[in-house]
Every structure is written in structure tokens, then in C-alpha cells.
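I have placed the structure first, in the form of C-alpha cells, so that the comments after it can refer back to it.
Since every read-out is calculated from the coordinates, none of them should be taken as a lab result. Treat the numbers as computed from the prediction; the structure is a model and nothing was measured. Here Cβ is always computed from backbone atoms with ideal geometry, including for glycine, and neighbour counts include all displayed protein chains.
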Amino acid sequence: MKHYLQQLFFLTVLLCMGGAARSQEQPSLRDRADELYRKYEYANAAKLYAKLVDTRKPRLHDLERLADSYWRMNDYESAENWYARVVQQQGASAGNLLMYGQVLKVNGKYAEAKRQLEAYAARTGDPSSVALQIAGCDSALRWLATPTLHRLRNEAAVNTANSEFSVFPSDGEVYYAGEPASASMAATYGWTGNAFLRIYTAPLSAAGTLGDPSLASAEINDGKYHAGPVAAEKDGNTLYVTRTHAGKDVALQKEAGNRYRTNTLELYIYRKMDGAWVAEPFAYNDVEAYSVGHATLSPDGSVLYFVSDRPGGQGGTDIWYSERQADGSWGVPVNAGSVINTAADELFPNIAPDGTLYYSTDGLAGMGGLDVFSTNGGKGQWDAPENLRYPVNSAADDFAYLIYEEDGAGYRGFLSSDRRGGKGGDDIYSFAYEKPKIVIILKGTTSDKATGERLPATAVTLFDGVREIVAKKASNDMGTFEFVLDRNKDYTVLGQKEGYHADSAKVSTMGITKSDTLEVALLLEPVFQVGQTFELKNIYYDFDKHNIRPDAAVILDELVRTLRDNPTLKIELSSHTDSRGSNAYNEALSQRRAQSAVDYLVSRGIARERMVAKGYGETRLVNRCADGVPCSRAEHQANRRTEVTVLAY
């Protein structure tokens, strides 16, 4: 989300062709890719760069641009795959180590990220430049091991495959910003390929969940480009809306012979008069010089806090404030000070009912991307900010944290995040914070499957039912670990250690009504001996087809990770059929299927020369079901399989 927020805060880009017409020569594939990249159309540029790098000796320039495109599109898994290739290339700069470390951190691989960041520091001789990120890696490992009592819920009624974020409750409903389905609006944003942001409303239930959404009034969705987020005064009759300036009086930015208009953000105040919303620009907008947006009010409504990159700040975007004057207008903005503002970006401030300020920043030690922090104080005087830790913060971008209801038992609110397990880009999460009434403990062991010996320092991750990380820690010197579980939940616990196949187990607390202790044993098998063959389970193809189905892609993505994390590993990927059909037909079909699988792995960042696609047809049956032998459907299915054989390691 951080890159999207930075685009949202600074860049809505329109290409304006300037000067003399370019040569009429047909641009090459690389020229077209570079042009799209310069226009910030990263989704389209990535498609072309992917074609350019599918060669035995790809250009470093193309690999770097492809990796960076995925980074800017917030596709961090793909960015990791490609940066893993980039840093292995001859001539790769130290900056690529830094980017790889940042990507690994966003993907929750803190130990690996720390190694890349330390390599960057050693190569550049500048450890101070990454000291904050390395400290964040160390902190994240501790926070993942001891999560807070926040319980998050993805608000599926409003979240889509696009982005939704920044909830603000008002009078029994909420406002939030979201990307409409592209088909519903002709204009799209080249950076993400999605439609421009619009403001939505959704009903807020007594249980704190959101109902079906609808577009807010056209009067507050009248911006030409992005509209949202929103804050409201207590009576609901005054809204503070962030929107992209769409005028012509913004300086043009020249790049590579073309002119690109960069539109800044501005804050608009909407007041309801005679049943209609009347817009008025915030008095301190200055679109020629800086952006203003992301407003929030103090509990008594006397102070307006907002975010801006106006002159006089600490660097990047800072939190500023204006005081309400006697005539109802807002006073000259004042910087909220260096205690909460950093040289990086501060975004999405919100004030809780008790006056606590919550905001997101990437300028303090955190888990990755934007982290949520809290602080007490007011105006320009604040206590040292504290990280809200996991699970409020994650390896991704976490922001727009808002508490709207609290009592002696706890509190409720909303959070936005592009963390794994969501429905789309940025998702809206509701949360509750309360102490559990019963305690359920999971105790486990990690062992070598071949010898039975305990394996200390095994990375153990606890996932919930939608594969979102609940907690993560290393097994201790005795090869044991322990987690606290919630009631009525399904979990997966995964053990991983270098040199071993991962092992996982299912755990459920469904129906448990009193405090209890559950136990699990993880058995990890040594891996990667030349000649070793293992089957990729649950790789299915449609009848007589060779295209990769979405369910098969999920399994192949696991193989992508294995190949990415073991750069010396080379494999044969083979496909097998059952005996039905002619030998020639089955061999050709299996070859196409194996080739499709290899092509998919290449598209995900694995060098083609590390893989061999081989279709064996029906020549390597695993049971008696040869031609003419009557067999059950299950017996034939056993022969239809995809296998991986280790060629070199």
C-alpha cells in the first residue's frame, strides 16, 4: 500500500506529448516497455519486460525494471522472485540488495531481509542508512512470537479484488475510499490498472461489521481523479474530503522528451446546506507547491490534523494541525513536531475518543512498509510514539487505524492493510481488543523425520483458516514451541528449516469450551539429493487441456519459492498420463502440460535454463493400469501426475 499511498498523495499522471513529434520509426519492444515505465504504467510495462527477460542472458536493465514494476504495483511476491534474480546478475548494484531486503521484509522474511540489508551495508560502507530497517527486522521477530490481543476480521461485504481503505464512521454508517470495478468507469489509473478512487458508504452494524456498500453522493464524488478518504464532524453535516487536484495550473514534469502532469492532492470541506453538499476548498491548499489531505479532528473538534508535504516539515509528508478560530475558520497550519514526524512519510492520522493519536509511518522501526503507531498529547507536544506491534502491523502496509468505540472490556475499530490473506489490493479490517475468557495452548515439537532427533531453530508459523499468519517463532534448543489459540478456529502450523522439506499439521479448536492444551509433532524430511523425485500433489488439468488452472498455480507457486530460495537447484518437471488414449497422443499432451508448467515458473521469475520440461505420456505408470486393463477412476488418476526430479543441487 505504501507505494499506492505515495502515488495517491503525489502522483496522478497524465501523459502530455510535448515538442516536436518523435521519429516515425517503429519502437522496439524494449522502447515500448521503457515508455510505459516512464509513464508510471507499471502493470502494462511488466507484461513487456517479462517477454524481454525470457532469454538465456537477460539484460540487467530489463530485470531491474520488471522487479521494480512489481514492487510499485504492490505485488511483493512477484517482486521478491525477480529481485532474487537481479541480485545474482553480474554488475548488479548495491541498491538492488537494498530493494531485495525491503521486499523480503514486506513479505515477512525478516531473518533473510536482515542478511540482505547487512550485505548492502557491507558493500556500501554505510550501515547507518539501513540501521532502522535492520532494527525493524529484529523487532518484528519478537512481535510475531508474542502477538497482541487484537482480533482482526476481513470485511468481506465491502472488500473486492481492487482496493478499499480508510473507514470513517458517521451516523450509523461509514465512509471509505475504494476503487470501482474497471468496467463501471472508463478512466483508469495506469500505475495500478484500476479505476480512480471513489467514496463509498456502508451500514455499520451494532456488532461492528459492515454491510453492502453503495457509492456516496455524486456531489462528493465530483473530482476528476481520486476522491477520498473522508473525515466528518460529529453531527455528520461537515465532511473533510481528500481529492486529487484536476486543474491545469500544476507544474509539468519533463522526463525523456515527454511531459507528464503530476497532480497534487487537496483538501475540500463539504457542508450540507438545504439537503445538498456544498464544496469549499481548504484555505491552505496550494496545488502548485504541495499536497494536503488525510484529515482528522480532535475529540472536541477544535483542532484539525492533516498530512502535507508543505515547506517547513521534517521531510516527506508530515502531520500538521490547524486550530479552529472564533469565526469557525481554520488557523494557519503548524507542524506537529519532530517527535511524531520523521524524515520519511507520516500518513492517515486518526484521533481516538480518548484523544490518542494513531498514524502510520515508514520513518520508525517497524515490521515492513507502513506501520501504525500511537502517541498521546496534542498539537505540537507528543509522547514518544509506540509501535502497535503484530497483528495490527504486518509485513505489508498497515494504516488508517481508527477506534470508534471503547469500554471497560476493550475497544473496537477499523484498520486498512494490503497484507496477505485479503480479497484484493488494500482491504478493510474490523478489529476487537478484549481479553479471552478461556486459554487454549498449542504445544509442539520439531524433529528430523529420518532420525527422530529434535530440530532446534526451526521456523514455525501458525496460520489461520485463510492462510493468514497468526504468530511465528523459532523452536527452542529442545526443539519445542508453544502458541496461544482462539476458540472455534481452524489452524495450520508449518515448520521450515534450511535443508529440509517443510512439514505442516492441521489443528482445530472448534467446539472447545474450556481451557485446554493441544499437542502436535512436526517431522521434517531432508531434501535435494540428485536423482530424487517427488510428486507435486493436486496439479490438475481440464480434460484434453494443458493450460495452468488457478488451483494448479497455487501448487506451482510453492515450487517457485523452493527454486527461488535454492538458486543452485535445477530440475526436470515431468508430466504423466494414464493409459487411455494412444501412446503418441498421451506423450504429446503430457509434453504440452509439462511445458506449460515450466512456462508458468518462468513467468514467476525462475530462469528457464534451470528447468527441463519432459512429457512421459503413459510410459511410467505407477500401478497395473496398462492398456486393456480394467481399472477404477481413482487408479487411473494415480497415473495422471506431475513430478519434479532433482538434476543438480
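The table below lists the values:
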item	result
Under 24 Å from the Cα of LYS449 - lysines, other chains or at least 8 residues apart	LYS472, LYS473, LYS497, LYS506, LYS537
The chain: mean projected area of Cα convex hull, nm²	34.2
Debye equation applied to the C-alpha atoms of region 407-477, log10 I(q)/I(0) at 0.20 Å⁻¹	-1.02
Note, ³J(HN,Hα) from phi for region 477-488, Karplus 6.51, -1.76, 1.60, rounded to Hz, x at Gly and Pro	4, 8, x, 10, 8, 8, 10, 9, 10, 8, 6, 6
Fraction in percent of alpha-carbon pairs per bin - 10 Å, region 533-629	16, 47, 29, 8, 0
Peptide ranges 155-166, 446-457, 322-333, 386-397 listed from the most packed, as the mean C-beta count within 10 angstrom indicates	386-397, 155-166, 446-457, 322-333
Mean Cβ neighbour count within 10 Å, used as a protection proxy, ranking 368-376, 226-234, 55-63, 282-290 highest first	368-376, 226-234, 282-290, 55-63
Value of [θ]222 nm, deg cm²/dmol, for the chain, DSSP H segments ≥ 4, -39500 (n - 2.57) each, nearest 500	-7000 deg cm²/dmol
Backbone HN-Hα couplings from phi across region 170-178 [Karplus 6.51/-1.76/1.60, Hz, Gly and Pro as x]	7, 6, x, 9, 10, 9, 7, 9, x
Label-point separation in nm, ARG487 to THR645, each point 7 Å along Cα→Cβ	5.5
Length gained when the stretch ASP383-GLU609 is fully extended (0.36 nm per residue, less Cα-Cα span)	75.8 nm
Gained length - SER508 relative to ALA206, 0.36 nm times residue gap less alpha-carbon distance	105.9 nm
Computed FRET value (nearest 0.05) for GLN89 with ASP274, which takes r as the C-beta separation and R₀ as 56 Å	0.30
FRET efficiency estimate (nearest 0.05) - Cβ-Cβ, SER338 to GLN532, R0 60 angstrom	0.55
5 angstrom amide H check on GLU173, placed H, neighbours 5+ away	LEU204
Length added when fully stretched, LYS57-GLN325, from 0.36 nm per residue minus Cα-Cα	89.9 nm
Cα→Cβ-extended label distance, 7 Å offset, between VAL554 and ASN376, nm	4.6
ASP565-THR356 pseudo-label distance in nm [points 7 Å out on the Cα-to-Cβ vector]	3.5
GLU118/ARG633 FRET efficiency (R0 41 Å; Cβ-Cβ; nearest 0.05)	0.15
Cα centroid separation - region 386-444 against region 95-165, whole Å	17
Per-residue HN-Hα couplings for region 421-436 [Karplus 6.51, -1.76, 1.60; θ = phi - 60°; Hz; x = Gly/Pro]	x, x, 8, x, x, 9, 10, 9, 10, 8, 9, 10, 10, 7, 6, x
Taking the chain and dividing mean pair separation by its residue count, relative contact order in percent (alpha carbons under 8 Å, at least six apart)	11
The chain: DSSP helices with Cα axial extent of at least 27 Å and average Kyte-Doolittle hydropathy no lower than -1.0	583-603
Ranked by how many other beta carbons lie within 10 Å on average, peptides 498-505, 595-602 from highest	595-602, 498-505
